[in-house]
Amino acid sequence: MTERRRRPKVVHLTSVHSPGDPRIMHRECATLAREGYEVVLVAPGPRQILASDVRHHPVCAPRNRLERMTRTMVQVYRAARDERADVYHFHDPELIVTGLALRLAGARVIFDVHEDVPADIKTKPWIPSWLRPAVSGFASIVLRLVERCFSAIVPATPSIARGFSHRLTVIVRNYPLREELELASDAGSLPLCRRPMAAVYMGSITLLRGAPEMVRAMESPSLPPQARLLLAGEFEDQELRARLTALPGWRRVDAPGMLPRRALGSLLGRARIGLLVLQPAPNHVDAMPAKLFEYMGAGLPVIVSTALEACSDVVRRHDCGILVNPRDCDEIADAMRYLFLRSNEAQAMGDRGRQAVGGRYEWSSEARSLVDLYRKVAS
């Protein structure tokens, strides 16, 4: 009688992201579980029952950044070691030391690079501005020194990939899942002209993602009186929340907080415009947030920041929205007014965006790249 072959075990590690993170859990972990891997996600927070046969190994959620970079990192390493995986896959630069320790113990380790780390450091508010260039330069040196220690590098964009010379560097873009696009498409079945005059933003509500500018744009007297802004996500901190709620434009804002994935589809169906007005930052130039394609999949015309050059190229190529200076609240308000009042043009833009997304900007092609990489690393 032949012995049943053991499934290869994969452990994903994060000290920053929640267990329900779209890229980590719903795209990468779920894809690997469907391919037959035993998948464990080590992530902070209470134990959760995860979909797609992925097991959550919880570690204590940190109360602050210092605790995250000390106690949580140690707990992540211990959890990883206890799981005894065939492949480890970590998602945060602060876990580089954890990855190196696992590698020294003989494990196969993949570094998933969500952001351009040196560029991202230049915008970190908790690092003194005078110190950021030096810290960014030091990070570049560290990445060049340690990258070859890992089994593979998984950058989220081509521009991030250019910072690495590892022979096994595989780009896995953060495109939405087909079912997410189908959900968005179903939500977008009602013609725009029959929906409330609302613009939607989904994601973390932060300074760099243009939260104050979106709320200030709602103060514009040029907007129709019934115009609303829907902000779905968590605030960066309570200080920002207090600052935004004190603005006159807040009276035209609905902030339902973090919503379940299916509820986001319903929210898209109650809006006429998708907003993506991230502020200028080195890490935003080539960023491709999945929410752009979710808006497009829902048939929403988009208002996109010119600071997002890669996203701006998508909007120009498919003529599916309006590009704005993200620092100019009046320009954002004027774009909203245009799309609210010219419903035929807005509908045409939304239809072009929806047609462009199908099969082109969705996860299936990226899933193949991830699975092919694992065949090489885990063999």
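Each value in this text was obtained by applying a stated rule to the coordinates, not by laboratory testing. Since the structure is predicted, the reported quantities are computational estimates derived from the model, not experimental observations. Reconstructed Cβ throughout: ideal geometry from the backbone, glycine too, with neighbour counts over all protein chains shown.
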Handout entry: Spin-label pair I49/E179, simplified geometry with 7 Å Cα→Cβ offset, distance in nm
Key = 1.6
Handout entry: Structure-based [θ]222 nm, the chain - -39500 (n - 2.57) summed over DSSP H runs of at least 4, per residue, nearest 500
Key = -11000 deg cm²/dmol
Completion exercise
So the angle from the long Cα axis of helix 178-187 to the longest Cα principal axis of the chain, reported in degrees to the nearest 10, equals 20
Exercise for the section: Under a 10 Å cutoff between Cα atoms, tell me which one of L181, L41, L259 has the largest fluctuation in the Gaussian network model of the chain. Expected result: L259
Exercise for the section: Express in nm, to one decimal, how much length is gained between T245 and R316 on full extension, taking 0.36 nm for each residue of separation and deducting their alpha carbon distance. Expected result: 22.2 nm
Handout entry: Residue-wise HN-Hα coupling along region 148-165, computed from phi with Karplus coefficients 6.51, -1.76, 1.60 (Hz; x: Gly, Pro)
Key = 6, 6, 8, 6, 6, 10, 10, x, 8, 9, x, 5, 5, 4, 5, x, 10, 10
Exercise for the section: Pull up all non-local amide H partners of A198: gap of 5 or more, or a different chain, and H-to-H distance under 5 Å with H placed in the peptide plane. Expected result: R228, R272, I273
Fill in the blank from the handout: Length gained, A134-R148, 0.36 nm per residue minus C-alpha separation, equals 2.7 nm
Practice task
Please give the residues of region 10-50, grouped as numeric ranges, whose backbone N is less than 15 Å from a label point set 7 Å along the Cα-to-Cβ vector of R78.
Solution key: 43-45
Handout entry: Per-residue ³J(HN,Hα) for region 318-327, Karplus 6.51 cos²θ - 1.76 cosθ + 1.60, θ = phi - 60°, Hz, x for Gly and Pro
Key = 10, 6, 10, x, 10, 9, 9, 6, x, 8
Exercise for the section: Hey, can you grab everything whose amide H is under 5 Å from the amide H of V59? Only 5+ residues off in sequence or another chain; H modelled, so Pro and N-termini drop out. Expected result: A43, G45
Exercise for the section: List the relative contact order of the chain as a percent without decimals, with contacts defined as Cα pairs under 8 Å and 6+ residues apart. Expected result: 14
Exercise for the section: With label points built 7 Å along Cα→Cβ from the Cα atoms of R261 and H166, find their separation and express it in nm. Expected result: 2.6
Fill in the blank from the handout: Charge tally for neighbours of S220 with beta carbon under 12 Å away, counting Lys, Arg as +1 and Asp, Glu as -1, is -3
Exercise for the section: Pairs of Cα atoms under 8 Å, at least six residues apart: use those to get the relative contact order of region 1-159, whole percent. Expected result: 19
Problem - Qualifying trypsin sites (Lys or Arg not before Pro) for region 72-103 [loop in DSSP, other Cβ within 10 Å: at most 10] - result: R84
Problem - Virtual spin-label span in nm between E236 and R34, 7 Å along Cα→Cβ - result: 3.5
Problem - the chain: angle of helix 363-378 to the longest principal axis, Cα-based, in degrees nearest 10 - result: 10
Handout entry: Order of V113, V377, V135, V324 under a 10 Å beta carbon neighbour criterion, fewest first
Key = V135, V377, V113, V324
Completion exercise
Among A287, A246, A255, the residue with the largest mean-square fluctuation in a Gaussian network model of the chain built from Cα contacts under 10 Å is A246
Completion exercise
GNM of the chain, Cα pairs under 10 angstrom: of R23, R272, R167, the biggest fluctuation goes to R167
Handout entry: Rounded FRET efficiency, nearest 0.05, which uses the C-beta distance separating I141 from A348 and R0 of 45 Å
Key = 0.35
Handout entry: On Cα atoms only, tilt of 132-146 relative to the major axis of the chain in degrees
Key = 40
Handout entry: Set of region 219-245 residues, backbone N closer than 12 Å to the point 7 Å along the Cα-Cβ line of L341
Key = 221-225
